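The values are calculated or read from the model by the stated rules, or taken from the named source; none is laboratory data. Just so it is clear, the structure is predicted and the values come from calculations on it, not from any experiment. With ideal geometry, Cβ positions are generated from the backbone for all residues, glycine too; neighbour counts draw on all protein chains shown.
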Amino acid sequence: MIEPAQPSLNPGDLDHEELFPIREVSRLTGINPVTLRAWERRYGLIQPTRTESGHRLYSQADIDEVRTILGWIERGVAVSKVGKILARSHSLKAQAEPLHNPASQNDFKQWQLQLRQVVRAFDEQRLGQVYGQVFSGYPLLVAFQEILMPVWQALRSTREAFGQTSEWLFLDGFLRGRVLQRLQLAEEQQEVRVVLAAIPDHCRELELLVAALLLGSSEIAVTVLSLGQPLEELALVCEHMAPHALVLFSNRPPAPDMPKRLARLALTLECPLLLAGEAADLAQDSLVGSQVACLGSEARLMRRRLQQYLDGHLDS
């Protein structure tokens with residue numbers, strides 16, 4: 001494996017990242033301290049460490065969890081139900097093989113810090129260099145799942161502060177362009193073709209494009225349909241494109257009628273129907289015994305399950 005180039009960081013950057021007081025967490029996430037305490041006391045969603053005097057201190061992982069909680073609430077999930085969603089998500093991710101040891105996790109944090117610094121400066125040339133350095137040292141799955149998308153998600157969830165919307169748009173536009181390039185280069189090289197479509201209003205364009213990149217392989221080409229693709233017209237699209245499978249993608253909680261809608265859609269298709277994204281984790285139990293297979297949301301699991309399904313080794 002090629003040794004990754006080490007990002008240049010100011011002394012003390014990692015120490016600064018280790019623990020944060022509640023006021024700083026509130027500033028970073030936009031969630032007031034009263035709400036943070038309520039999430040801890042009432043729902044057990046976050047468990048910060050305490051100083052000897054009883055003051056709360058939050059790790060970067062705690063902050064990431066706060067942003068995840070906020071994301072689910074923004075999607076319409078009641079805070080009282082978020083705990084079960086998080087527990088299931090953590091359990092499913094734990095099923096995947098560990099990507100790296102703790103030392104590598106520190107490396108990921110360093111790259112995330114450098115990426116934030118470059119984005120804050122709106123330096124596209126330097127951003128391209130950092131992007132290339134990340135891929136010179138890490139495989140695609142790791143680069144997106146552990147470094148690039150966590151920064152994108154963090155900027156997206158903290159756009160209340162002045163300038164952060166511009167930072168998010170800057171990074172979003174850059175990554176969409178690079179992912180599209182990768183997809184176009186891979187599209188004509190594989191024999192097995194999969195069509196990927198988003199459930200309307202259930203994800204951002206970059207999330208869909210990255211999902212396509214993560215699902216693809218040396219044997220599988222993924223064609224992405226534009227956002228807003230009507231579900232009721234997918235049978236017509238697949239009739240003409242004749243894919244080996246249709247994958248629906250959603251990062252929102254499944255509506256109560258989703259299993260029935262997907263079951264009806266599956267009956268109109270001449271190819272298998274699969275569900276990917278966070279909705280797949282949450283809807284898995286309700287789709288047991290149906291014609292719809294769930295691929296999950298964790299990158300390594302999604303790709304492995306897709307390959308298993310296409311090989312006939314994964315039941316729906």
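Taking SER217 as meeting all but one of (1) more than 19 Å from ARG75 (Cβ to Cβ); (2) of a type in the set (Ser, Thr, Tyr); (3) surrounded by 20 or more Cβ atoms within 10 Å (Cβ to Cβ), write down the number of the exception.
All conditions pass for SER217, except number (3).
Applying the selection to the range 184-206, what residues are crowded, with 19+ Cβ neighbours inside 10 Å and more than 28 Å from GLN117 (Cβ to Cβ)?
VAL194, VAL195, LEU196, ALA197, ALA198, ILE199, HIS202
Kindly indicate the residue of the range 1-49 that is farther than 29 Å from ARG126 by Cα and of a type in the set (Phe, Trp, Tyr) and also modelled with the lowest pLDDT among those meeting that condition.
Pass one, the range 1-49, residues farther than 29 Å from ARG126 by Cα: 21-23, 26, 31-49.
Now restrict to residues that are of a type in the set (Phe, Trp, Tyr): 39, 43.
On the way: TRP39: 92, TYR43: 87.
Top of the filtered list is TYR43.
Please go through the range 38-74 and pick out each residue that is in contact with a helix residue (DSSP H, G or I) (Cβ under 9 Å, 6 or more places away or on another chain) and among the basic types (Lys, Arg).
To start, the set of residues in the range 38-74 that are in contact with a helix residue (DSSP H, G or I) (Cβ under 9 Å, 6 or more places away or on another chain) comprises 38-39, 42-49, 55-60, 62-74.
ARG42, ARG56, ARG67, listed by residue number.
For the range 161-173, enumerate the residues that are crowded, with 19+ Cβ neighbours inside 10 Å and in contact (Cβ under 8 Å) with a residue 40 or more places away in the chain.
Residues of the range 161-173 crowded, with 19+ Cβ neighbours inside 10 Å: 167-168, 170-171.
Selection gives GLU167, PHE170, LEU171.
Considering only the range 159-169, state which residues are modelled with pLDDT of 85 or more and of a type in the set (A, V, I, L, M, F, W, C).
TRP168, LEU169
If I filter the range 254-292 down to residues being within 23 Å of VAL82 (Cβ to Cβ) and surrounded by fewer than 18 Cβ atoms within 10 Å (Cβ to Cβ), which single residue comes out as modelled with the lowest pLDDT? Let's see the steps before the verdict.
Step one: filter the range 254-292 for residues within 23 Å of VAL82 (Cβ to Cβ), giving 254-259, 275-287.
If we keep only those that are surrounded by fewer than 18 Cβ atoms within 10 Å (Cβ to Cβ) too, we end up with 255-257, 285-286.
Numbers: ALA255: 83, PRO256: 83, ASP257: 87, ASP285: 79, SER286: 83.
Only one residue fits best here, namely ASP285.
Here is a yes/no grid of residues against (1) at pLDDT below 95; (2) closer than 16 Å to VAL179 by Cα:
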| position | (1), (2) |
| --- | --- |
| ALA121 | no, no |
| GLU124 | no, yes |
| VAL130 | no, yes |
| LEU141 | yes, yes |
| MET149 | yes, yes |
| SER157 | yes, no |
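If you go through the range 129-160, how many residues are of a type in the set (Gly, Ala, Ser) and in contact (Cβ under 8 Å) with a residue 40 or more places away in the chain? Show your work before the answer.
As a first pass, look at the range 129-160 and keep what is of a type in the set (Gly, Ala, Ser): 132, 136-137, 143, 154, 157.
Among the residues that remain, those that are also in contact (Cβ under 8 Å) with a residue 40 or more places away in the chain are: 136-137, 154, 157.
Selection size over the range 129-160: 4.
Within the range 220-253, which residues are charged (D, E, K, R) and buried (at least 17 other Cβ atoms within 10 Å of the Cβ)? Please lay out each step first, then the result.
Filtering the range 220-253 down to residues charged (D, E, K, R) leaves 232-233, 239, 252.
ARG252 - this is the single residue of the range 220-253 that is charged (D, E, K, R) and buried (at least 17 other Cβ atoms within 10 Å of the Cβ).
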